[in-house]
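Single-structure report; data block below.
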Amino acid sequence: MRPTRLLLVCAALAAMLASDQTAPIKLTKEQDHQRLMDLLHITEIRRGRDGNNKDSPYYANYDESKANPFPDLPDPLVLKNGKKVTKASDWWNKRRPEIVEDFDREIYGRVPKVTPKVNWVVTSTTREKNGDVEIITKKLEGMVDNSSDPDIEVKIALTLSTPANATGPAPVVMQFGFIFGAPQAPPPDSPPFGPNAFLPPRPPMNLPPRAPGPPRAPMGPTWQQEVLAKGWGYAQLIPTSVQADDGSGLTLGIIGLCNKGQLRKLDDWGALRAWAWGASRAIDYFETDKAVDAKHIALEGHSRYGKATLVTMAYEPRLWTAYVSSSGEGGAKLNRRNWGEIVENVAGAGEYHWMAGNFIKYAGPLHWNDLPVDSHELVALCAPRPVFLSAGSLEKGDGWVDAKGTFLAGAGASSVYRLLGKKDLGATEFPPIETLLATGDIAFRQHAQGHTDQPNWPFFLDFAQKHMN
């Protein structure tokens, strides 16, 4: 490690300890990232891919002939001792725990065995309309018990809207929501182009007034209106109210609260698991609300929140189904694929906070093929429940997330779904764009638009309705 980096980290730690041993330690994301590399005895890691500079030697690969340097995936139905899993009971009692342990230790980190209680408070209730449908909207605040460290406050932001004229409890589709304008939450249609992070928000463009022209076609219904049309409700959880989307905030939020403001260990949970924890606490509330059919809670997330959605679905058994949109590396994309975003991007200083510290070592000196698990096994952890995988087109700007790598993860999970008596993805060859694969319990569709979840909402909702029972 360069001496200047070592001095910076040591000076920051010394200053915190000297000033107030009870206050949360504050490091920049670069300092914390370097601290984890020191714990791993790593002097450097490989650089991530660029997504916007075709002349860069690190430009992302979009050539399928170069996309599979490590074609052999771990078998989700082979135990570590080499024995084949042929019974559902062995999946639940033997193989699944092995996979969970690998994800906990090496990829997403461990959630503490005991986490603080959350007290949900309804801060407002309003009767309003969304389109033509009367709804009742509740704004809620989840007050996390911080008696273990009063210096750290966590308030989970959640809104819930249900049909006002429902004759009984309504299924609810919950979305991980972005806060537009917040520095830690870029708009969902802004793909990550840099080696380690999203680009900063673009400044306003002073364009001349638009010339008169033909009227635009009317906009279609929003996803919330599509949900209401089925008689269901919808909710939005703000993940950054649970845990900041930045490495400099890991001693705050729920991770910091559980660590009493101290620094993470190498296998401690990252932001993806923290956001998933927040979704589980929202389900705790839904189970108490008579307007909600808590047996039918679906979850949707796009981009980095697509990653969080798949992680939540894998770990939270109460979820009915999930819509995983453009999740990319760290989500449904196979880690062993050299396409668009790669392990090195997520392991860099801009995104490492999503993962366990141990994940960094797979960007150097270890490689992708050294990972004990891959994303097809994350999809397999969702079994036997239905899951919908989605991505956009390369031509419209969603190549970064690797639609084919996402499809292959669904195909790779199929053996587990079959073992548990469910229908698999139904294909092993990557289908033409806009082909819907939804005959089984794993669904996949690549839409023709860019980095957006909007085109596949109708297909997901029909898929979810089909699996209502």
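Some notes on this structure:
- Of the residues making up the stretch 164-197, those that are in a strand (DSSP E or B) and either touching a helix residue (DSSP H, G or I) at 6+ places or on another chain (Cβ under 6 Å) or at pLDDT below 95 (or both) number 2.
- Selection within the stretch 233-285 - acidic (Asp, Glu) and buried (at least 22 other Cβ atoms within 10 Å of the Cβ): Asp245
- Criterion applied to Asp149, Asp90 was being among the acidic types (Asp, Glu), surrounded by 16 or more Cβ atoms within 10 Å (Cβ to Cβ) and part of a loop (DSSP other than H, G, I, E, B), and the one residue passing it is Asp149.
- Checked against the criterion of being at pLDDT 95 or above, aliphatic (A, V, I, L, M) and within 30 Å of Asp90 (Cβ to Cβ), the candidates Leu436, Leu420, Leu394 yield just one match: Leu420.
- Any chance Ile99 is under 25 Å from Gln262 (Cβ atoms) and in contact with a helix residue (DSSP H, G or I) (Cβ under 6 Å, 6 or more places away or on another chain): no
- Selection from the stretch 432-457 of residues that are among the hydrophobic types (A, V, I, L, M, F, W, C) and out of contact with any strand residue (DSSP E or B) (no Cβ under 9 Å at 6 or more places or on another chain): Ala448
- Residue match in the stretch 19-32 (condition: at pLDDT 95 or above, surrounded by fewer than 16 Cβ atoms within 10 Å (Cβ to Cβ) and assigned to a helix (DSSP H, G or I)): yes
- Residues in the stretch 146-173 that are under 17 Å from Val242 (Cα atoms) and more than 25 Å from the chain's Cα centre (by Cα): Asn146, Ser147, Ser148, Asp149, Pro150, Asp151.
- Considering residues of the stretch 332-364 that are in a loop (DSSP other than H, G, I, E, B) and either among the charged types (D, E, K, R) or without any contact (Cβ under 8 Å) to a residue 24 or more places away in the chain (or both) only, the residue surrounded by the fewest Cβ atoms within 10 Å (Cβ to Cβ): Arg336
Residues are listed down the side, and each one gets a yes or a no for (1) assigned to a loop (DSSP other than H, G, I, E, B); (2) in contact (Cβ under 8 Å) with a residue 60 or more places away in the chain:
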{"position": "Ala235", "(1), (2)": "no, yes"}
{"position": "Thr251", "(1), (2)": "yes, yes"}
{"position": "Gly256", "(1), (2)": "no, yes"}
{"position": "Lys260", "(1), (2)": "yes, yes"}
{"position": "Lys265", "(1), (2)": "yes, yes"}
{"position": "Arg273", "(1), (2)": "no, yes"}
{"position": "Ala276", "(1), (2)": "no, no"}
{"position": "Arg281", "(1), (2)": "no, yes"}
{"position": "Tyr285", "(1), (2)": "no, yes"}
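- With respect to (1) more than 13 Å from Ser393 (Cβ to Cβ); (2) without any contact (Cβ under 8 Å) to a residue 40 or more places away in the chain; (3) surrounded by fewer than 20 Cβ atoms within 10 Å (Cβ to Cβ); (4) out of contact with any Gly (no Cβ under 7 Å at 6 or more places or on another chain), the lone exception for Leu420 is condition (2).
The values are calculated or read from the model by the stated rules, or taken from the named source; none is laboratory data. The shown structure was predicted, so the numbers you read here are calculated from the model rather than taken from an experiment. Neighbour counts run over all protein chains shown; Cβ positions are idealised from the backbone, glycine included.
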